[in-house]
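Derivation of every value follows stated rules applied to the coordinates shown; laboratory data play no part. Quick caveat: nothing in here was measured; it's all calculated off a predicted structure. Every residue, glycine among them, receives a Cβ derived from its backbone with ideal geometry; neighbour counts consider all protein chains shown.
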Amino acid sequence: MRASNIGRVGLRPRVGESIPPNLLPGLNSRVPVKIIFNSLPRHQTFSSSVAESTLKLVYEFDPQIPVEEAVTPPSSWYTDPAFYSFELDQVFYKGWQAVGYTDQIKESYDYFTGRLGNVEFVVCRDSDGKIHAFHNVCRHHASLLAYGSGKKTCFVCPYHGWTYSLVGSLLKAPRSTGLKKFDPREFGLVPIKVATWGPFVIINLSTSQHEADNDNYENDWLGSSSELLSAGGVDSSLSYVGRREYIIECNWKVFCDNYLDGGYHVPYAHKNLASGLNLGTYTTEDDKDFIERSLEDSEQVQVEDIILCEGVQRGIESPAYSSGRYAPTVEKAMHHFHCLLYRSLRGENLSS
Ligand code: FES
């Protein structure tokens, strides 16, 4: 999904006067606030004025207000490029993120690639069956190294042929004769911390030594939900069927909000889905025809949701909109998501 960084910030009064220094986590104990640009995790410190104005936007949402009285986060959360960069750093480049499925790297030499925020990565299984993840960037002149998914015994850069093993070491640098002060051992692929939980492959882009040393990934990623999800068979009963990618011209949260409105939009926007849904008769089937039908239905719902989300994004960018309200009986999950996001943006550890 492409986050929209285009468009104007809504004409909206600022809520609250000034923010007490102890409520500016990016400006005291946790300085410097960092953002990541380009393919490698190159950190750039926010100027304090940018950090302060971005944090002011965070505090325009008040998670203490109950859902019945709460207003949704301001439109700037969905339109401001600096806010989006801040989210990447605070939410996606910290902690564990699911990026694929173990079935995609079932056997030795399997690999798949992806992009998390602005960070290109490749996940592979080496000849001994061990899983690795790396920044998918050649150490010569930064070409992307691998594309898509498949099987490889090594990664050969498509640009000038530098070649890396599946454990990340530089095996070959063609025509490098005469190169001085060059130790190939220092030019391996940059590793990323990787783990699996049930059918999911998760990676952690954090460069903080504390997080990188932390092997308690199950709790870090899912918190107390991991036991509940295990009890429901999520870590043992799901198998990989396929993957589809969609480009949606909206901020990532518009899509999350759409999913978290408790089915509020289904009777209006997914009429076919609504007419075929009968929650009382849900069963689990291992049936190819059923899977095919489900994929077709899902495609239709996806296309309908894309139209909705892109319409919402355009509306959010309008000067007529600043923030909205929740329908308390159905949109509790959306409110919860906004409260969790608020805590992440403050730098809180959600698993503690
Ligand atoms: S950029 Fe990869 S070999 Fe030159």
In order through the range 330-347: 3J(HN,Hα) via Karplus (6.51 cos²θ - 1.76 cosθ + 1.60), integer Hz, x for Gly, Pro: 10, 9, 4, 5, 5, 4, 4, 4, 5, 5, 5, 4, 4, 5, 4, 5, 7, x
Those GluC sites (Glu not before Pro) from the range 151-257 that are DSSP loop and have at most 14 other Cβ neighbours within 10 Å turn out to be E245
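Taking K and R as +1 and D and E as -1, what net charge do the other residues with C-beta under 15 Å from the C-beta of P66 add up to?
Details: positive: R325, K332; negative: D62, E68, E69, E331.
Charge balance near P66 sits at -2.
Where the eigenvalues come from the Cα gyration tensor of the range 96-205, what are the semi-axes √(5λ) of the equivalent ellipsoid, largest first, in whole Å?
Working: eigenvalues 128, 38, 28 Å².
Calculated on Cα positions only, the semi-axes equal 25, 14, 12 Å.
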Please report S143, S226 as a ranked list, fewest other C-beta atoms within 10 angstrom at the top and most at the bottom. S143, S226
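Taking 0.36 nm per intervening residue step and subtracting the Cα-Cα distance, what contour gain separates Q64 from E249 on full extension? Before the final figure, lay out the partial values.
Working: separation 185, 0.36 × 185 = 66.60 nm, distance 3.12 nm.
Result: 63.5 nm gained on full extension.
Given the Cα-Cα distance of E52 and V167 and 0.36 nm per residue of separation, how much length would full extension add, in nm? Don't skip to the answer; put the middle values down first.
Working: separation 115, 0.36 × 115 = 41.40 nm, distance 4.16 nm.
Here the answer is 37.2 nm.
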Quick one: 3J(HN,Hα) in Hz for the range 65-80, Karplus 6.51/-1.76/1.60 with θ = phi - 60°, rounded, Gly and Pro as x. 6, x, 4, 5, 10, 6, 9, 6, x, x, 4, 4, 4, 9, 10, 7
Net charge dipole size for the range 96-205 [Lys, Arg +1 and Asp, Glu -1 on Cβ; Debye, nearest 20]: 360 debye
Efficiency of FRET from Cβ geometry, E107 and A274, R₀ 41 Å, rounded to 0.05: 0.50
Sorted from largest down, give the three principal axis spans of the alpha carbons of the range 136-258, whole angstrom values. 59, 35, 29
Trypsin sites (Lys or Arg not before Pro) lying in DSSP loop within the range 172-272, provided at most 11 other Cβ fall within 10 Å: R175, K180, K181, R243, R244
